[in-house]
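Input: a single structure, listed below in structure tokens.
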Amino acid sequence: METFVFDGTLEGLLTAVFYCYQKKSGRVKIVSSAHFYPDVFQQHFEVVSEDDKARRVWAGLKTKLDKQWMLNFYKSFLSEQPPAFQHLVDFARYIIDNEPGAESNYGNPDVLAISQLSQKVHREKHRMEAFIRFQKTSDGIFYAHIEPDFNVLPLLIPHFKNRYADQKWIIYDLKRKYGLFYDLEKVDEIVFDFSEEMSPGLNALPAQLLDEKEELYTILWKDYFRNVNIPARRNMKLHIRHVPKRYWKYLSEKQSDAI
Amino acid sequence: MYERIREKLGILADAAKYDVSCSSSGSNRKNENRGLGDAEGTGICHTYTEDGRCVSLLKILLTNHCIFDCAFCVSRRSNDIKRAAFTVEEVVELTINFYRRNYIEGLFLSSGIFKNADYTMERLVRIVKKLRTEERFNGYIHLKTIPGASEELLKEAGMYADRMSINLEMPTETGLKILAPEKSHEEVKKPLGYIQQSITQFSDEKALIKSVPKFVPAGQSTQIVIGATPDTDKEIMHTANAFYKNFSLKRVYYSGYIPISNDSRLPVIGSQPPLIRENRLYQADWLMRFYGFNVQEIVNDAHPNLDVDVDPKLSWALRHLEHFPVDVNTADYRMILRVPGIGVSSALKIVQARKFGRLYKDHLKKIGISFNKARHFIRFADSPVQLNDFEAGHIKGIILSESHSKYQKNPYNQLSLF
Ligand code: SF4
């Protein structure tokens, strides 16, 4: 089996699919360069991303798949999981080689994998829409940082842009070291260095950067969270299933009352 | 200033928490004015309490002063507790500031009755109006109707709220009369009927004129407290069913009674709320709303209470083995939906996937059905030859021994005081 090495981008992955057809390859093994360890006995083909080729494959898929499935494809890609790349390439070829409608064959392992992976990514996107906690800075920007398991930031843009149309906001992914900034007009990608005084572990900007009312609202929110609990119904197992512990450090209501 | 607002929020959030409605979905209020918020699409639970309930709205009372004395309510007149009331501005500010920080999807506002119904309702209306018109707030607003408020105020409230509700409180009129002599089901039906009429009227107008304002776009709901009165599940489900039918309610909520007062008419303080029963009622409600079950099939004279040990779908199947096994490769979607262990999305996947070839055990497992439960009720391409019919009790035994219910560790004390 041939091995294709690509640069880890969606464009690269789609270009790889293009080459499968151009080179009339059988089933290929796809690896991103970050996960690739060259092997002296094995030849591999280095895929160079090309806009043009990627676009043609994307357009080809679009003739067979509806919007939802195109989105599923993209979401699965954002999972950043190495096995996902293989499923995506195999899925793309399966769709291209078959009559429209093939994507509802849940008996096919790639169809099933894409539908499940995209669901996982979607779930985390949804969780971020819920769990992001903004803090208002003294210059009026609402700031939050997160560390999602998957690269969901691009998926969050429409939601937050729509919802917070009249306030400036930043959502920063600490793990992938980039963020989104909405300036009341458009959303841009931003990158910045964390200064020493920022504590990346907590969703807390240093007090001197915050709006004077910020502390009050954090306290009120924690108060509220405590007050709506009904001790007679306590069920921590359920609580943790809904709010997995790995997200706690960014949830103001789950931070111990240091204030 | 800090302390005062903290105290008020403490009191008025605490008193509002027994209302179980938390939904923030079903509206269609888009952010079209470049203002704040958006209430379109499915709701978001922003966090969960330690008891596992979702927090999506700032749920508070405007005040816990009340001229009435309903036995099951913390705010009742005779209860010796601290009283507080928010100002209109305070509620607006809390809502906006919580929303801007992405803590909540919107506001759930309810109130004890001070002075009289209209006086209270008028204040609730002022809050929602200010949020919508001055703050250009498009988040979700659920407003609790004050029983006895005038039609004009209800109508005005409906112009700004996404959902309105009024609680039935007790499943039967008799039960309610015992605990809240000043209330009646009739009083609940009146505003429900009036709002429903207005909703229909507005949507009729919408067909003719484009710019008709939204009127309660997420519809109405109600809540039934269970376990405070001796009603059977049959009475509860039939009441719910009638209200779904007659008032096109979006949801009926079932709230297991949590004893909060020393009243001889009610379970004593400290007794465990009937959590399993509450859960079973929600499951039964789902069967009516999404699985095509008729209320009669779920609870009837022969079967007046839902089973505690198995869910209502399994319970129905065990009582109706004549419909099983269902062949997943040929059966109607409707029948596949009735198989214990197969949910709506798996049922859909099954009917889609089988167009491509017969479904085997492996497919079914991957599609995500709970196979261990479903296997007793289905046939599939490689199902083992069935020697003879298992009887219901045997199947139930196997399923129970293989599953561990999340409630097993909870005490089973479903207090019967009557
Ligand atoms: S009228 Fe409402 S707030 Fe007042 S006591 Fe009855 S249930 Fe409680």
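Does B:LYS365 fit the bill of being within 12 Å of chain A (Cβ to nearest Cβ) and under 25 Å from A:PRO100 (Cβ atoms)?
Numbers: within 12 Å of chain A (Cβ to nearest Cβ): yes; under 25 Å from A:PRO100 (Cβ atoms): no.
No: the conditions fail for B:LYS365.
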Q. In segment B:211-226, how many are closer than 15 Å to B:ASP19 by Cα and either touching a Leu at 6+ places or on another chain (Cβ under 7 Å) or polar (S, T, N, Q) (or both)?
A. 6
Q: Could you check, for segment B:94-103, whether at least one of its residues is within 16 Å of the ligand (Cβ to nearest atom) and on the phi < 0 side of the Ramachandran plot?
A: no
Q | Count of residues meeting criterion [near the ligand (Cβ under 6 Å from one of its atoms) and in contact with a strand residue (DSSP E or B) (Cβ under 9 Å, 6 or more places away or on another chain)] in segment B:64-80 | A | 3
Q: Give the residues of segment B:104-124 that are crowded, with 24+ Cβ neighbours inside 10 Å and more than 16 Å from the ligand (Cβ to nearest atom), sorted by residue number.
A: B:ILE104, B:GLU105, B:GLY106, B:LEU107
Q | All positions within segment A:204-214 that are under 30 Å from the mean Cα position of the chain (by Cα) and in contact (Cβ under 8 Å) with a residue 24 or more places away in the chain | A | A:ALA204, A:LEU205, A:LEU209, A:LEU210, A:ASP211, A:GLU214
**Q.** Output for segment B:166-187, where each listed residue is closer than 15 Å to B:ILE226 by Cα and touching a strand residue (DSSP E or B) at 6+ places or on another chain (Cβ under 9 Å)
**A.** B:ASN167, B:LEU168, B:GLU169, B:MET170, B:PRO171, B:GLY175, B:LEU176, B:LEU179, B:ALA180
Q) Taking helices (runs of 4 or more DSSP H) that fall entirely within segment A:36-148, which contain at least 2 residues that are charged (D, E, K, R), away from chain B (no Cβ under 11 Å) and within 22 Å of A:VAL17 (Cβ to Cβ)? A) A:51-64, A:67-78, A:82-97
(Q) Let me confirm something: among B:CYS70, B:CYS54, which residue is within 19 Å of the chain's Cα centre (by Cα), closer than 22 Å to B:GLU169 by Cα and not charged (D, E, K, R)? (A) B:CYS54
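For every residue, the table says whether it meets (1) surrounded by 17 or more Cβ atoms within 10 Å (Cβ to Cβ); (2) part of a strand (DSSP E or B).
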position	(1), (2)
B:SER25	yes, no
B:GLU32	no, no
B:GLY43	yes, no
B:GLY52	yes, no
B:LEU58	yes, yes
B:ALA71	yes, no
B:SER78	no, no
Q: Would you be able to say whether some residue in segment B:190-211 is in contact (Cβ under 8 Å) with a residue 40 or more places away in the chain and of a type in the set (Lys, Arg)?
A: no
Q. Looking at B:GLU297, B:GLU322, which one is closer than 30 Å to B:MET237 by Cβ, surrounded by fewer than 20 Cβ atoms within 10 Å (Cβ to Cβ) and more than 27 Å from the chain's Cα centre (by Cα)?
A. B:GLU322
Q. Which residues, counting only those in segment B:80-100, are surrounded by fewer than 21 Cβ atoms within 10 Å (Cβ to Cβ) and not in a helix (DSSP H, G or I)?
A. B:ASP80, B:ILE81, B:LYS82, B:ARG83, B:ALA84, B:ALA85, B:THR87
Q) Taking segment A:66-109 as the region of interest, how many residues are buried (at least 21 other Cβ atoms within 10 Å of the Cβ) and in contact (Cβ under 8 Å) with a residue 24 or more places away in the chain? A) 16
Q. Could you give every pair whose Cβ atoms fall below 6 Å, whose first residue belongs to segment B:112-135 and is away from chain A (no Cβ under 14 Å) and aliphatic (A, V, I, L, M), and whose second residue is within 14 Å of the ligand (Cβ to nearest atom) and part of a helix (DSSP H, G or I), counting only separations of at least 6 or pairs across chains?
A. B:ILE113/B:THR120
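Any residue that is touching a His at 6+ places or on another chain (Cβ under 7 Å) and either more than 9 Å from every other protein chain (Cβ to nearest Cβ) or closer than 30 Å to B:LYS214 by Cβ (or both) - is there at least one of those in segment B:68-77?
Just the residues of segment B:68-77 that are touching a His at 6+ places or on another chain (Cβ under 7 Å), to begin with: none.
No, segment B:68-77 contains no residue that is touching a His at 6+ places or on another chain (Cβ under 7 Å) and either more than 9 Å from every other protein chain (Cβ to nearest Cβ) or closer than 30 Å to B:LYS214 by Cβ (or both).
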Q. Yes or no: B:THR200 over 30 Å from B:CYS70 (Cα atoms) and among the β-branched types (Val, Ile, Thr)?
A. yes
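Conditions (1) surrounded by fewer than 22 Cβ atoms within 10 Å (Cβ to Cβ); (2) among the basic types (Lys, Arg), marked per residue:
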position: B:LEU168; (1), (2): no, no
position: B:ILE178; (1), (2): yes, no
position: B:THR200; (1), (2): yes, no
position: B:LYS210; (1), (2): yes, yes
position: B:GLU235; (1), (2): yes, no
position: B:HIS238; (1), (2): yes, no
position: B:LYS250; (1), (2): yes, yes
Q. Counting only residues that are modelled with pLDDT of 90 or more and in a loop (DSSP other than H, G, I, E, B), how many does segment B:150-173 have?
A. 3
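The values are calculated or read from the model by the stated rules, or taken from the named source; none is laboratory data. Everything quoted here is computed from the prediction, not taken from an experiment. Ideal geometry is used to build each Cβ from the backbone, glycine not excepted, and the neighbour counts take in all protein chains shown.
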